[in-house]
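The values are calculated or read from the model by the stated rules, or taken from the named source; none is laboratory data. This one's a predicted model, so the numbers in the text were calculated from it and none came from an experiment. Here the Cβ is made from the backbone with ideal geometry for all residues, glycine too, and neighbour counts use every protein chain on show.
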Amino acid sequence: MKHKINMTQTRYKNLFQFLIHFIVWGFVFCLPFIIFWRDSDYNIWDKMIPHMVVISSMMLIFYLNYFLLIEKKLFQRKTGKFLLYNLLLVVITGASVHYLQTIIAPPMPKMQDKPNLDTFFLIRDIITLAVVAVLSVAIKMTGKWYITEAERQEEEKERTEAELKNLRQQLNPHFLFNTLNNIYALIAISPEKAQESMLELSKLLRYVLYENNGNFVPVERELNFIHNYVELMRIRLTPDVDVKIDINVAEISKTVAPLLFITLIENAFKHGVSPTHASFIYININQDNNKQLSCTIRNSYFPKDDSDQSGSGIGLENLRRRLEILYPHKHILRTEKEGASYIAELILPLHQINEL
């Protein structure tokens, strides 16, 4: 499908280039009619025939360079041969054009005794053709640059898509490992709650594995996932842990990148809950007046020691890289310790589906 689209784009591009060339050369050919059509002192065809000889020579120089010499010599780094062939081509063509013009439109008698003027016209014709050759190189090089830049951007886009896919693939087992770790800890305490957690986990995995394959998803779907995750985490918590989640988003039909906020929420449950001390996790997700989605998490802070092997440690690194790709210079990520609390804040712009 992508190959067919590229072929169609190439055909349209070639047609557009042909029309541009046709219009420009057509305008140049018609210049005598435009300049002299109201002047009764001139026979237009007396001007048109020599003019056609000159334009034909210009087209010869232009397209020999455009389709042959630039591709075969200049782009192949054979600059010396390219310059030599152009020098010969311009001089021979310029001399031939000058000779034909003296036959088709011989100089007036009063100008025949001025050989310097004849030399001037010859040099003028050669310089004109040289300018045409340079113009052909400039146009061809510009087109080559545009093609190279388009290919570079396409390659960059493909690399970015591949990296995002890889980051999502890293995140999925990371999320699964962390969640299973929590359920494993619950089995010894309450098998019934562990069974309930497995059922809730299946709903979350459906979203993680199948429903967020695109770079952006509707906000409503992402918020439902976050709410279900928090409820799953509640199952294993004791009454000493105060968990509050407040979601206030008006435009839930807009889109956001999936599984960005969940990294911060996971960390809050990992580092914000103590088995021996009163703990809290407060999650606030709202939409501000600037059409931005803001997630602020405040939790008690009980950092894990080196012996705690839960999680893989890739969460925040993964999050920062995805933000750089999906929201370059358009996001705010803030994490800081404040007294006995830890605060994480992530602000993202919301988009309509057709804005992506």
Hits in the stretch 211-227 (condition: closer than 14 Å to Phe269 by Cα and loosely packed, with under 15 Cβ neighbours inside 10 Å) = His227
Considering only residues of the stretch 339-354 that are in contact (Cβ under 8 Å) with a residue 12 or more places away in the chain and of a type outside the set (A, V, I, L, M, F, W, C), which is surrounded by the most Cβ atoms within 10 Å (Cβ to Cβ)?
-> Tyr342
Restricted to the stretch 320-356, and to residues that are of a type in the set (A, V, I, L, M, F, W, C) and at pLDDT below 90, which residue is nearest to His271 (Cα to Cα)?
-> Ala340
Where a residue in the stretch 273-302 is closer than 13 Å to Ile347 by Cβ and in contact (Cβ under 8 Å) with a residue 12 or more places away in the chain and its partner, wherever it lies, is charged (D, E, K, R) and surrounded by fewer than 16 Cβ atoms within 10 Å (Cβ to Cβ), with Cβ under 7 Å and at least six apart | Asn284/Asp246; Gln287/Glu251; Ser294/Asp288
Checked against (1) under 24 Å from Glu317 (Cα atoms); (2) part of a loop (DSSP other than H, G, I, E, B); (3) of a type in the set (D, E, K, R), Glu251 satisfies every condition except (1)
